[in-house]
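Student: My structure is below; once you've seen it, I'll send some questions.
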Amino acid sequence: MNEPAILKRRTFLKQASVLALALPALDLTLLGCTSQSQSARAGNDLKSPVAPWKISTVSEKEPGERLVVSGTIYALDGRTPAEGISLYVYQTDVTGVYSGGPRDTRIRGLMTTKADGRYEFHTIKPAPYPGVAPPAHIHAHILGPGYPEYWIENYIFEGDPAITAEERQKLSAASGFNPILSLTRGSDGVLRGARDIKIERCSRNCITS
C-alpha cells in the first residue's frame, strides 16, 4: 500500500493560483473544544489520518446560518462505501473571508469514514468572496489508503445566482454525485444538505474495474 504524501505547498499554489490570496495552507490543527454532542472537532496529519466521521468546524458562537452537510463516500464503482477515506474541508466565514489569515483559516475540518462510508460536518453557510464572481462554496479534498490526495469539486448551493449555466451543465454530468447542494431548513432553524462523493482516482496498484 502506498502512503500518500501531504500536498506540497508548491502544488497547492499551482492548483489554486486564481484564488491564491484566499486559500489556506493545509495546517490541520483545529481550534476550539470538543462539542458535547456526537460531533467533534479534531485535527490530524493527513499522512496518518485518524479523525471522527462526524465533526463540527465552528463553535456555537460563530456568526452565520447553521449548516449541516452529510453524505457517503463511495469507491470507484460508485456503489461500495469507502472506508478510511479522509475528507478535509475549509471555507470562508460569514463575511466571505478566510478568517485568521489566508494561510491559516479557522473554519476547517478533517473527517475519516468508517465502514459505511458516511461523513458529516456541522458548520455555517459560507459567504461568497467580497466583490468576486465565484458562488459561495466550501473547498474539499480527499485521500485514503490506495488513493492519492486530490481536490474535488467545491460544495456550492442551489439558488446561488453566481452559478452559471455552463457550470451547472458541467456539474450535472456528475449525476447522483452533483456537488450543488439543495438545502432545506429544519424545525430547529438549521440548514441541511447532502452530497455523496465517488472516488475518481486511485494509485497504480488499486483495482479500477
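Student: Search the stretch 175-194 for residues that are under 21 Å from His139 (Cα atoms) and free of Cβ contacts under 8 Å to residues at least 24 places away in the same chain and pair each with any residue that is of a type outside the set (Gly, Ala, Ser) and open to solvent by less than 30 Å² (accessible area, probe 1.4 Å) when their beta-carbon atoms are under 7 Å apart and the residues are at least 6 apart or on different chains.
Tutor: From residues that are under 21 Å from His139 (Cα atoms) and free of Cβ contacts under 8 Å to residues at least 24 places away in the same chain, the pairs are Asn178/Leu171.
So that you can scan it fast, the table gives a plain yes or no per residue for (1) farther than 25 Å from Gly189 by Cα; (2) touching a strand residue (DSSP E or B) at 6+ places or on another chain (Cβ under 8 Å); (3) at pLDDT below 50:
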site: Pro4; (1), (2), (3): yes, yes, yes
site: Arg9; (1), (2), (3): yes, no, yes
site: Asp77; (1), (2), (3): yes, no, no
site: Ser86; (1), (2), (3): yes, yes, no
site: Val89; (1), (2), (3): no, yes, no
site: Val94; (1), (2), (3): no, yes, no
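Student: Follow-up question, since we're still on this one. I'm trying to understand the selection: among the residues of the stretch 149-172, which are open to solvent by less than 50 Å² (accessible area, probe 1.4 Å) and part of a strand (DSSP E or B)?
Tutor: Result: Glu149, Tyr150, Tyr155, Ile156, Phe157.
The values are calculated or read from the model by the stated rules, or taken from the named source; none is laboratory data. From a predicted model like this one, the values you see are computed outputs, not experimental measurements. Neighbour counts are summed over all protein chains in view; Cβ atoms, including those assigned to glycine, are modelled from backbone coordinates with ideal geometry. Ligands, DNA and RNA are stripped out before the accessible areas are found, and what is left, the full protein with its side chains, is counted by its heavy atoms. Shrake-Rupley method; radii C 1.70, N 1.55, O 1.52, S 1.80 Å.
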